[in-house]
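Peer 1: Following this message is one structure expressed as structure tokens.
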Amino acid sequence: MNPKKTLLVSHAPFWHDGGGIPERSYHTLLAALPAACAGIAFYGAPALGVICLSISTAILWELLMNRIMRRPITVGDGNAALVGLLLAMLLPASAPWWVVVLGTFLAIVIGMQIFGGIGGNPFNPVVLGTAILSVAYGRHLDFDAGLVNFTFTAFASSTDPISALKAFGPEAVSHLRYLDLFLGKQVGGIGSTCGAAIVLGGIYLIFRGFIRWEISIAFLASVYLSAALFNMADPTRFAPPLFHLVTGYTLIGAFFLATENSSSPVNLFPMLIYGALGGVLTVLIRNIGAYTDGVLFAILVINLTNPLVDKIRPRAIGKAA
Amino acid sequence: MRKRSFFGLSKPCFRYELATGTTVSPVVIPVPEKVTLYIKTPYQKTSAVLKPGRSVKTGERLVLHEADPCSVISSVTGTICDISPFLADFGNAWTAVTIRTDKNEMADTAFSKAAEQPSLDTLNRFFPSCPGEPDFSALADDRHPVHTLVIYGGNADLLIDTGLYVLKTHIDAINAGIQILRNATGIRNIAIAVPRESVQNYSGHLDAQVQPFGSAYPQAQPLMILHALTGRLPDETGTAAMGIHFFRAEAVAAIGRAFADGRLPVEKNVTVIDKTGKKHLAIARIGTPVGALLKAFGITVDNQDRIIFGGPMTGNAIYSEDLPIGPDTDAILVQAKSDIALYSDYPCINCGDCIRVCPAHVPVNLLVRFLEAGQYTDGAELYDLYSCIECGLCSYVCPSRIPIFQYIKLAKYELGRISFAEEMNEP
């Protein structure tokens, strides 16, 4: 027998389904691409610039942190690229370069790496980064101010519909057709306006099992129901529910942000509660809160509730009652 | 390597091998030049009884010292050529006895004298190392009286045919074995676990309560059957504290055959699964080196392949082709290097795949965080460690490729050690 022949030894099970973190990240990137491409189509080269800068700096921040903390290099797993792409999709095409670089720093370093990297973050890093930016540098994230020099011939309104709603009430946005809004003909973030593309990517992720459908569906159903209740109570002050579904960050929040693995629950009822809570908070902030769009803060708050709600779980078998 | 379903929403679904498949007659492996047997007690240099150069007969009981309870039955006739220490799983120290075989087979007569009067003492003396590896020490333990015997008639893992083959072909021997067990132990309550598809073949024909199980993995895992029988699962004190004791059907068949023939069975049924998934059924002497079996079926093992005792979900990887098959080796599975998925050191990303797939509703995502940190007691008390039925599905689906199953087994072993030590210290 050849003495050099060694056998591999490990613990059972000896089969694996072949799935992995890179696979999940790259498929989520793939699912987000249509919406990002729609943004490039609407906003042109500046949008492409923001996306490229965001993805590349996100990867660089992660590489830097890996080096500083002397951890294995994890940029290859695609998670940093995904964070970069999603962050760019929330920003306006007019975002200055330093806002993008700061945003990816906040997302990757403050949002994720200081908690130990992937799997350790209590908040969705993309949402945390964007929320800090929108509080600290609101002017640069204001879609109306930022995109004032863009011309939108295809759009029915050249202002952000959700800011118009906040400032002038439902009457000001009543001329907008939901289908146009759903197809992305509205002013907003690079990748967050084209609902059709986002839903397409979301359905792909759900069928591939990369996101948990319970969260997305609960979130959307809850946005619809709570907005419908507000609308029924006073149609002159509160917009109809469908308007809330197709504007702002609602769809990207439901399919790409609230479903982030580490900061969301995994059991059935907690997922439903988590999603529903996010939807209710979104509509509350939009309708009676101080901020224009509630999705970011709603997701941060439900991220906080995640460890608590996830305690609701089925009884394991074989335990004495 | 297996592939994840494109539609990731669907759970992985495995089925055990069925007894209804075509019956192939097993290939009898010729007696090898050397066999290695294990006595499950630490090696002592001063053994007066067992020395290299001593000749042994087939079926002879080998002990290091006359009074030792640990013994092994020689599966061949020949001369002892080596006695050495052996380090088994979880750091257990055993003694390996290597015997160079002789062409002329001679049978030892000690058992045929004892076989006239089946008693627990006879069983405990001659059977612990017979095919199926029955454990009688729990029956002799006064602190935890056993009230139910469960005869396990399933295949312990995927791809394996051994369990059901024995059940199908040795049903008379099993029935005889049940009688002997009942008379020797005085335990009235005997159940036999068989696949649901073939219950009609056994109910009424067997002198035991028939406990059916489904064919979907992991319904036939021994812990799953225990749960189906009692609604409970063992904690750190083990199954003994529940008063239930398991025997493999092969062991019961061996007992039945031995008392009928007056001769101890020394051959083990083994399913050999090659790299392409093709299966062969073999009958080999206990102690035959794995290499001899693989050679018989023309299976070549290359550098960095993997050889596994048992099935793909719960087996044990071994490190050498020279290791012998033991009385509990139901299957040998060979994996090519290209089919092996390596574990990684990624942390849990909380994707929830394990939660969806776990048949026992264990909060695996939380449990693994405690086990990784070595906090076994918290894992057991807060996060249902002892509800785990040890099927390995969580590790199968984990995208972070965490060896979850290994953590669970290690935690159970460590807690079991603590519990055992505490029990020993009690006045």
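Peer 1: Ranked highest first by average number of other Cβ atoms within 10 Å, how do A:121-128, B:76-83 line up?
Peer 2: On the way: A:121-128: 25.8, B:76-83: 18.5.
So the order, starting with the most tightly packed, is A:121-128, B:76-83.
Peer 1: Can you pull out the trypsin sites (Lys or Arg not before Pro) in the stretch A:1-86 whose DSSP state is coil and whose Cβ has at most 15 other Cβ atoms within 10 Å?
Peer 2: Taking the stretch A:1-86 and a limit of 15 other Cβ atoms within 10 Å, the loop trypsin sites (Lys or Arg not before Pro) found are A:LYS4, A:LYS5, A:ARG70.
Peer 1: Suppose every K and R has +1 on its Cβ and every D and E has -1 on its Cβ; what is the size of the dipole of the stretch A:164-321 about the Cα centre, in Debye to the nearest 20?
Peer 2: 400 debye
Peer 1: Heavy-atom accessible surface, probe 1.4 Å, ligands and DNA/RNA ignored: which residues of the stretch B:202-232 lose at least 30 Å² versus the isolated chain?
Peer 2: B:HIS227
Peer 1: Something else: Per residue, how many Å² of accessible area does chain B show with a 1.4 Å probe?
Peer 2: 43 Å²
Peer 1: If each of A:LEU304 and B:GLN179 carries a label point 7 Å out from its Cα toward its Cβ, how far apart are those two points in nm?
Peer 2: In this crude label model, A:LEU304 to B:GLN179 measures out at 7.4 nm.
Peer 1: How much FRET efficiency would the formula 1/(1 + (r/R0)^6) give for A:ILE312 and B:GLU423, where r is the Cβ-Cβ distance and R0 is 30 Å, rounded to 0.05? Don't jump to the answer; show the numbers that get you there.
Peer 2: On the way: r = 36 Å, r/R0 = 1.20.
It comes out at approximately 0.25.
Peer 1: Identify unpaired cysteines across chain B, taking unpaired to mean no other cysteine Cβ lies under 4.7 Å from the residue's Cβ.
Peer 2: Singleton cysteines: B:CYS13, B:CYS70, B:CYS81, B:CYS130, B:CYS348, B:CYS351, B:CYS358, B:CYS388, B:CYS391, B:CYS398.
Peer 1: Just name one of A:PHE155, A:MET89, A:ILE206: the one whose Cα is farthest towards the positive end of the charge dipole of the stretch A:80-219 (beta-carbon charges, Lys/Arg +1, Asp/Glu -1).
Peer 2: Positive-end residue among those listed: A:ILE206.
Peer 1: Taking the square root of 5 times each eigenvalue of the Cα gyration tensor, what semi-axes in Å does the equivalent ellipsoid of the stretch B:153-268 have, largest first? If you can, show how the numbers build up before the last one.
Peer 2: On the way: eigenvalues 99, 64, 39 Å².
Values for the stretch B:153-268, descending: 22, 18, 14 Å.
Peer 1: Please give the direction-averaged projected area of the C-alpha convex hull for chain B, in square nanometres with one decimal.
Peer 2: Taking a quarter of the hull surface, the average projection is 21.6 nm².
Peer 1: In square angstrom, what is the accessible area per residue of chain A with a 1.4 angstrom probe?
Peer 2: 40 Å²
Peer 1: Quick one: which bits of the stretch A:19-38 get at least 10 Å² less accessible when the partner protein chains are in, versus the chain alone, with a 1.4 Å probe?
Peer 2: In the stretch A:19-38, residues shielded by partner chains: A:GLY19, A:GLY20, A:ILE21, A:GLU23, A:ARG24.
Peer 1: Additional query: Take the alpha-carbon centre of the stretch A:218-292, take the same for the stretch B:154-231, and report the distance between them in whole Å.
Peer 2: 54 Å
Peer 1: Any idea of the total accessible area buried by the A-B contact, 1.4 Å probe, rounded to 100 Å²?
Peer 2: Details: alone 15700 and 20950 Å², together 31370 Å².
That pair hides around 5300 Å² of surface in total.
Peer 1: With a cut-off of at most 15 other beta carbons within 10 Å, and DSSP calling the residue loop, which GluC sites (Glu not before Pro) in the stretch B:2-111 qualify? Please list them.
Peer 2: In loop regions of the stretch B:2-111 (DSSP not H, G, I, E or B), the sparsely surrounded GluC sites (Glu not before Pro) are B:GLU33, B:GLU66, B:GLU105.
Peer 1: Along Cα→Cβ, 7 Å out, is where each label goes; now give me the distance between the ones at A:LEU33 and A:LYS319 in nm to one decimal.
Peer 2: 4.4 nm
Peer 1: Leaving ligands, DNA and RNA out of it, report the carbon-plus-sulfur percent of the accessible area of the protein assembly as shown at a 1.4 Å probe.
Peer 2: The value for the protein assembly as shown is 59 percent carbon and sulfur by accessible area.
Peer 1: How much accessible surface area, in Å² rounded to 10, belongs to the heavy atoms of A:ASP77 with a 1.4 Å probe?
Peer 2: In the full protein context, A:ASP77 sits at about 10 Å².
Peer 1: Now a separate question. In the Gaussian network model of chain A, springs joining C-alpha atoms below 10 Å, which of A:GLU23, A:GLU260, A:GLU62 carries the largest mean-square fluctuation?
Peer 2: It is A:GLU23.
Peer 1: Tell me the trypsin sites (Lys or Arg not before Pro) within the stretch A:263-321 that lie in a loop according to DSSP and have at most 16 other beta-carbon atoms within 10 Å.
Peer 2: A:LYS311, A:ARG315, A:LYS319
Peer 1: Then there's this: Where the only charges are on Cβ atoms (+1 Lys, Arg; -1 Asp, Glu), what is the dipole of the protein assembly as shown about its Cα centre, to the nearest 20 debye? Working shown, then result.
Peer 2: On the way: 57 positive and 59 negative charges, 185 e Å.
Roughly 880 debye for the protein assembly as shown.
Peer 1: State, to one decimal in nm, how far the label point of B:GLN117 lies from the label point of B:LEU342, with both points 7 Å from Cα in the Cβ direction.
Peer 2: For B:GLN117 paired with B:LEU342, the spin-label model returns 6.2 nm.
Peer 1: Can you give me the relative contact order of chain B as a percent, contacts being Cα pairs under 8 Å and 6 or more apart?
Peer 2: Reported as a whole number, the value is 17 percent.
Peer 1: Between helix A:268-288 and chain A, what is the angle of the helix's C-alpha long axis to the longest principal axis, kept within 0 to 90° and rounded to the nearest 10?
Peer 2: 30 degrees
Peer 1: Evaluate the relative contact order of the stretch B:113-261 (contact order divided by residue number), counting alpha-carbon pairs under 8 angstrom at least 6 apart; express in whole percent. Before the final figure, lay out the partial values.
Peer 2: Working: 238 pairs, mean separation 56.3, N = 149.
With pairs under 8 Å counted, the relative contact order is 38 percent.
Peer 1: Report, to the nearest 10°, how far helix B:404-425 tilts away from the longest principal axis of the Cα atoms in chain B, using its own Cα long axis and a range of 0 to 90°.
Peer 2: Computed tilt is about 60 degrees.
Peer 1: With +1 on each Lys and Arg Cβ and -1 on each Asp and Glu Cβ, how big is the dipole of the stretch B:298-368 about its Cα centre, in debye rounded to the nearest 20? Could you put the intermediate results ahead of the total?
Peer 2: Numbers: 3 positive and 9 negative charges, 64 e Å.
Value, rounded to 20: 300 debye.
Peer 1: Please compute the contact order of chain A in relative form: average sequence separation of alpha-carbon pairs under 8 Å and at least six residues apart, divided by the residue count, as a percent.
Peer 2: 18 percent
Peer 1: Quick one: which bits of the stretch B:295-338 get at least 40 Å² less accessible when the partner protein chains are in, versus the chain alone, with a 1.4 Å probe?
Peer 2: Hits at the 40 Å² cut-off: B:ASN303, B:GLN304, B:ARG306, B:PRO312, B:ALA317, B:GLU321.
Peer 1: Taking trypsin sites (Lys or Arg not before Pro) as candidate sites, keep only those in a DSSP loop with at most 11 other Cβ atoms within 10 Å, then name the longest stretch of chain B containing none of them.
Peer 2: Free of exposed loop sites, the longest segment is B:279-427.
The values are calculated or read from the model by the stated rules, or taken from the named source; none is laboratory data. These numbers come from a predicted model, not from an experiment. Positions of Cβ are generated from backbone atoms using ideal geometry, with glycine treated the same way; all protein chains shown enter the neighbour counts. Keep in mind that these areas ignore ligands, DNA and RNA; they rest on the heavy atoms of the full protein, side chains included. Shrake-Rupley method; radii C 1.70, N 1.55, O 1.52, S 1.80 Å.
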